[in-house]
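Here is the structure we will look at.
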Amino acid sequence: MSFEPTDEFSVESVYAELLGRAPENKMEPRLAPLFRAMEILGEPNKAFPIIHVTGTNGKTSTARMIEAGLRAHGLSTGRYTSPHLSKVTERISIDGAPVPDETFVRIWDEIRPYLQIVDSELEAEGQPRLTYFECLTILGFAIFADQPVNVAVIEVGLGGITDATNVGDGQVSVVTPISLDHTELLGDTTGDIAYEKAGIIKPGGFLVSAAQPVDAAQVLLEKAREVNVPFRFEGVEFGVESRTVAVGGQMVTIQGLAGRYEDLLVPLHGAHQAENAAVAIAALEAFFGGEKAIDTEILQEAFATVTSPGRLEVVRNSPTILVDAAHNPAGIRVSAEAIHEAFNFTKLVVVVGVLKEKDAEEILRQLKESLGALATEYCFTQSNSPRAVPAEELAEIALDLGFGEENIHVAEKLDDALEWAVERADADNEPAGGVLVTGSITLVADARILLGKADS
């Protein structure tokens, strides 16, 4: 049946239908319904090779770099990442761009009856029906199979073992840096969290891992040996050899698994993005067999196109406004290091919002410690998410942590917070005052919309 959506509302109506299901922070630790959906749909999860990406921080940036490398090789790509910043179609990308509205709606219309079968079977067993994230994951696989793509880069939603994306078997399993996050679901140590994430390492695959805490590395190593797959770790078999700050990013030299790649311009800021680039290159080498170097010109072409919206992204000048989706202490720390390194701010006004499931106290402690004297004033606010910690509550936590009362401002609405922050950054004719918006992805998403960057 042909289905032609007529306007933007078509995607919005599908999104509304998805939002009517259990929300993203209520992911079900199960895979059986996903395998059932794949079975009914003709196994789209087996229609293309997969590079599967998990980790605590850097997943989306790394996925985008891998995707760029695949495309520079002339391959058609699918990329599944989460969450989105301004529009749900961002999560399911074809050849580097959000899936066309028509395709998104058409495939949803085609698979909806099959999802209802799975829902009915789950309800008959007394289980919750398919969740928001499960449905989007199924939709992503179905869209990639429909294209069809040559290869898909699939980012895990949460953990690994029972994450909905784990119905796909990665030809390469990529693990970005692991730190403490979602501890209530994944465990209290980086080793426990690594155990969950190691669930994407499958027989016949290839493990590429960023440098990890010792306990996490040991867990990943044991899993790779258990399923008899090759494994390569940053800092052992590959890594960043050197890097220098450059206009718009950094020049990096990377020792890969099979080659050495000199003077690559990575148009993203911070040591962490150079490390993400090294992991991405190793993943690409592994995907192509692990023994042959990639043409440096192809990598240069690939990285020239890389963007990572919401990751130390400059969204306005005069004063410079940065948005950064760091939402856990480790993410805050590496972003702060990158700001000190790449920007010549004389003072920074920080706009902060945090979600309730996050460790607000540790996030604020890390901001205070990492930004130090550069951050002269803080404005506590909240995103439109119902999960946002109230701005006043964040301010109280900050006071308890020793933030000076004279350096704290509270604005419940983000537009008021941004207006205040811009005024403060420009105050006293400061030549290089800046504004940083951080603490949650939902806050960054709202800020990008307010600042006219939603479509970029």
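The values are calculated or read from the model by the stated rules, or taken from the named source; none is laboratory data. Worth saying up front: this structure is predicted, and the values here are computed from it rather than measured. Cβ placement follows ideal geometry from the backbone for every residue including glycine, while neighbour counts extend to all protein chains displayed. To get the accessible areas, we keep the full protein, side chains included, count just its heavy atoms, and leave off ligands, DNA and RNA. Shrake-Rupley method; radii C 1.70, N 1.55, O 1.52, S 1.80 Å.
In a fully extended conformation the segment linking residue 17 and residue 124 would gain 36.4 nm over its present Cα-Cα distance, using 0.36 nm per residue. Overall, the accessible surface of the chain at a probe of 1.4 angstrom is composed of carbon and sulfur to the extent of 48 percent.
Using only the C-alpha atoms, the convex hull of the chain corresponds to 139 Å³ per residue. Scattering from the stretch 269-351 was approximated by placing one identical point on each alpha carbon and applying the Debye formula without solvent; log10 I(q)/I(0) at 0.13, 0.18, 0.20 1/Å stands at -0.54, -0.87, -0.98.
3J(HN,Hα) along the stretch 13-19, derived from phi through the Karplus expression 6.51 cos²θ - 1.76 cosθ + 1.60 where θ = phi - 60°, amounts to 5, 5, 4, 4, 5, 5, 5 Hz, with x in place of Gly and Pro. Working from Cα pairs under 8 Å separated by at least six residues, relative contact order for the chain is 15 percent. When the pairs 202/358; 87/347; 59/356; 223/368; 26/453; 356/413 are compared against a 27 Å limit on Cα-Cα distance, 202/358; 87/347; 223/368; 26/453 fall above it.
Here the 3J(HN,Hα) profile of the stretch 72-82, calculated from phi with Karplus coefficients 6.51, -1.76 and 1.60 at θ = phi - 60°, is 5, 8, x, 8, 7, 10, x, 9, 10, 9, 7 Hz, Gly and Pro shown as x. Amide H contacts of residue 437: 322, 323, 324, 351, each under 5 Å away and 5 or more positions distant or on a separate chain (H built 1.01 Å from N in the peptide plane; Pro and chain starts excluded). Placing dummy labels 7 Å off each Cα toward the beta-carbon, the span from residue 116 to residue 227 is 3.6 nm. At full extension, residue 399 and residue 317 could sit 26.5 nm farther apart than now, given 0.36 nm per residue minus the alpha carbon distance.
Across the stretch 27-136, the mean sequence separation of Cα contacts (distance under 8 Å, 6 or more residues apart), normalised by length, yields a relative contact order of 24 percent. Were the residues from residue 357 through residue 76 laid out at 0.36 nm apart, the gain over their Cα-Cα distance would be 97.5 nm.
Surface analysis of the stretch 48-150 yields an accessible area of 30 Å² per residue, using protein heavy atoms and a 1.4 Å probe.
Here, the stretch 185-284 has an Rg and a Dmax of 14.9, 45 Å when only alpha carbons are counted. With only the Cα atoms considered, the stretch 225-321 has a convex hull volume of 113 Å³ per residue.
Listed by chain and number, the aspartates and glutamates whose C-alpha is less than 15 Å from the C-alpha of residue 46, apart from same-chain residues fewer than 8 away, are 146, 169.
Quick one: if the Förster radius is 41 Å, what FRET efficiency do residue 291 and residue 30 give, using the C-beta to C-beta distance and rounding to 0.05? Computed FRET efficiency for residue 291 and residue 30: 0.60.
Look at the alpha carbon pairs under 8 Å that are at least 6 residues apart: their mean separation over the length of the stretch 202-310 gives a relative contact order of 23 percent.
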